[in-house]
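Trainee: After the structure tokens below, expect a handful of questions from me.
No value in this document is a laboratory result; all are computed from the given coordinates. Note that the structure is predicted; figures quoted are calculated from it, not measured. Cβ sites come from the backbone with ideal geometry, for glycine too, and all protein chains shown count toward neighbours.
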Amino acid sequence: MEYVTLVVDEKTKQSIIDYYKEHEVKNNNPHALFVAKTDGVTITVYKTNKVLFQGKNAETEARIFTASSTFRSSQNDSVMSLQPSIGSDEVGTGDYFGPVVVCAAYVDEKTSQELRSLGLRDSKTLSDERIHAVAPILISRLPHSLLVVRNEQYNELVEGGMGLNEIKARLHYEAINQLRKKINRYEVPVVIDQFCSVTQFIRYTQDESFVQNVMFVTKAENQFLSVACASIIARYHFLQELKKLSDWVDTPLQKGASHLVDEQGKQLVERYGLEILRKVAKLHFKNTEKIKKL
């Protein structure tokens, strides 16, 4: 079993307890102050200021507190880091129609204070109208790097044997490296919304040194302002790309991968032929077989 032990100060210890409070479990260890379980990891905070992370994602969880220990609760009870960081997130991986978009964005301490009043959070929780209102502000204010993989290219990569996680890993890797070069800040912590293990990420990118200053955090868009901003910018560009495709096929394309998408795909095939899906959709989704049956 993977495990990581940290020795922390009182402030960080309390931050860890606050962070995992909703996942607290019964504690029968007389030497432990607090125990929580989440996402395959058991977190034990000892009275001696040692913290033990045990489980398959132990390293990932521990990284949150080795690179950043300044957290603050916002009005919606999410936890948002105020430290300067590069955040990276992807959009479009759960949508049958439209591209995959990855964005890396840099938020420094001054800008983070200015942006918090916008009530930023994960783009999936914001309406399209809110995305269109906020994203241009972020685009104009934040150094960022954006990569878009349109459907034909995406389908070629998948047919060439590349899985979705490998595609995402390579995109995050490239976007972050581009942004680091743009701002010339290689020491700034990097946060990636986690989609695979650290070991897998290294295998996909063939660069073990890259992850030394990178945190892989689940639901990072609710914990780090830089990731929330990257998510919003990526979503904004995804919506723009989807609008272009919609105009091209003369019908507003559905988001997601529901039965409504299947029905719309059927209509597109009837109108343009099966080859249209290669240009507007992700063919490896189960929707493709459902559309063929329809």
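Trainee: Contour minus end-to-end for VAL7 and THR48, with contour as 0.36 nm per residue of separation and end-to-end as the Cα-Cα distance? Intermediate values should be presented prior to the final figure.
Mentor: Numbers: separation 41, 0.36 × 41 = 14.76 nm, distance 0.86 nm.
Taking 0.36 nm per residue and subtracting the Cα distance, the gain is 13.9 nm.
Trainee: Run the quick spin-label model on ASP128 and ASP250: label points 7 Å from Cα toward the beta carbon, then report their separation in nm to one decimal.
Mentor: Label at ASP128, label at ASP250, 2.0 nm between them.
Trainee: Evaluate E = 1/(1 + (r/R0)^6) for GLN212 and THR93, where r is the Cβ-Cβ distance and R0 equals 22 Å; express this FRET efficiency to the nearest 0.05.
Mentor: Values: r = 26 Å, r/R0 = 1.19.
Once the sixth-power term is evaluated, E becomes 0.25.
Trainee: Can you tell me the orientation of helix 225-249 relative to the chain, as the angle in degrees between its alpha-carbon axis and the longest Cα principal axis, to the nearest 10?
Mentor: The helix 225-249 is inclined about 10 degrees to the chain.
Trainee: Another question, then. Could you name the aspartates and glutamates whose alpha carbon sits less than 20 Å from that of LYS286, not counting residues in the same chain fewer than 8 places away?
Mentor: Straight-line reach from LYS286, under 20 Å: ASP95, GLU152, GLU156, GLU159, GLU166, ASP262, GLU263, GLU270, GLU275.
Trainee: In nanometres, what is the gap between the two model label sites at TYR186 and GLU263, each 7 Å from Cα along Cα-to-Cβ?
Mentor: My value for the distance between the label points is 5.5 nm.
Trainee: Mind checking which of VAL51, VAL249, VAL149 has the largest fluctuation in a GNM of the chain, springs on alpha carbons under 10 Å?
Mentor: VAL249
Trainee: Pairs to check: LYS13/LYS219; LYS11/LYS219; LYS255/LYS290; LYS13/LYS168; LYS50/LYS168. Give those whose C-alpha atoms are more than 27 Å from each other in this structure. Don't skip to the end; give the middle numbers.
Mentor: Values: LYS13/LYS219 21 Å; LYS11/LYS219 23 Å; LYS255/LYS290 17 Å; LYS13/LYS168 33 Å; LYS50/LYS168 35 Å.
In this structure, LYS13/LYS168; LYS50/LYS168 lie more than 27 Å apart at Cα.
Trainee: Using a 7 Å offset from Cα along Cα-Cβ at GLU159, what residues in segment 245-284 end up with backbone N under 17 Å from the label point?
Mentor: 273-284
Trainee: Right, something else. Using +1 at the Cβ of each Lys and Arg and -1 at the Cβ of each Asp and Glu in the chain, identify which of TYR46, TYR106, GLY161 lies farthest towards the dipole's positive end.
Mentor: TYR46
Trainee: Most mobile of LEU268, LEU179, LEU260 per a Gaussian network model of the chain (Cα springs, under 10 Å)?
Mentor: So, out of LEU268, LEU179, LEU260, the one fluctuating most is LEU260.
Trainee: According to the square roots a ≥ b ≥ c of the eigenvalues of the Cα gyration tensor, what is the shape class of segment 161-218, taking rounded for a/c under 1.5, prolate for a/b larger than b/c otherwise, and oblate for the remainder?
Mentor: On the way: a/c = 1.89, a/b = 1.54, b/c = 1.22.
Cα axes put segment 161-218 in the prolate bin.
Trainee: Compare VAL158, VAL217, VAL191 in a GNM of the chain, Cα atoms joined below 10 Å, and give the one with the largest fluctuation.
Mentor: Per the Cα network of the chain with a 10 Å cutoff, VAL158 tops the list.
Trainee: Loop-only check: which chymotrypsin sites (Phe, Trp or Tyr not before Pro) in segment 210-294 are DSSP coil with at most 12 other Cβ within 10 angstrom?
Mentor: On the way: sites: PHE210, PHE216, PHE224, TYR236, PHE238, TRP248, TYR272, PHE285; in loops: PHE285.
Sites meeting the loop and neighbour criteria: none at all.
Trainee: Nearest 0.05, what FRET efficiency do ARG150 and LYS26 give at R0 = 45 Å with Cβ-Cβ as r?
Mentor: Working: r = 51 Å, r/R0 = 1.13.
Efficiency at R0 = 45 Å is approximately 0.30.
Trainee: Right, another one. For a test of the definition: using alpha carbon positions, the gyration tensor, and the 1.5 limit on a/c, classify segment 203-294 as rounded, prolate or oblate.
Mentor: Values: a/c = 2.71, a/b = 2.01, b/c = 1.35.
Prolate.
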